[in-house]
Amino acid sequence: MGIMFPDYDPADAPDSTIQQGFRQMRGDLQSLHQQQEEMLQQEKEMLQRRVVMLQREEEMLQRREVMLQREEKILQQLREMLDFLRTWHLSQQPSVPSAAAGGDAGCSQDLAS
């Protein structure tokens, strides 16, 4: 059945060892917790910097969008002007065919001489 130790009381003897072990584990856990807190803080700071960068990027894209809208308006105005000039040009040609023909003949004579 094994040797019995009448002096040995399991409730008393290992207390200091158990307490020391618990203190060590508690210290290890606190240290680990501190490291985790520091890592989380660093991650939080990195994320905040990323948010600032993304906000700046968003502002730049908004400015670019405004510029592109202005460009689009200018191009639209140019298209309208071109359409107007085409229409005006076409409306001018048939109304004075003899002058246009005379003008062309005059030009070719000038070139010949």
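None of the figures in this text is laboratory data; all of them are computed from the coordinates on show. Small disclaimer: the values here were computed from a predicted structure and weren't measured. Heads up, the Cβs are rebuilt from the backbone with ideal geometry, glycines too, and the neighbour counts pull from every protein chain shown.
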>> On alpha carbon coordinates alone, what is the Rg over Rh value for segment 39-78, Rh being the Kirkwood radius?
In response: 1.42
> Once label points are set 7 Å from the Cα along Cα→Cβ at both residue 38 and residue 86, what is their separation, rounded to one decimal in nm?
Replying inline: 7.2
> Contour minus end-to-end for residue 45 and residue 58, with contour as 0.36 nm per residue of separation and end-to-end as the Cα-Cα distance?
Replying inline: 2.7 nm
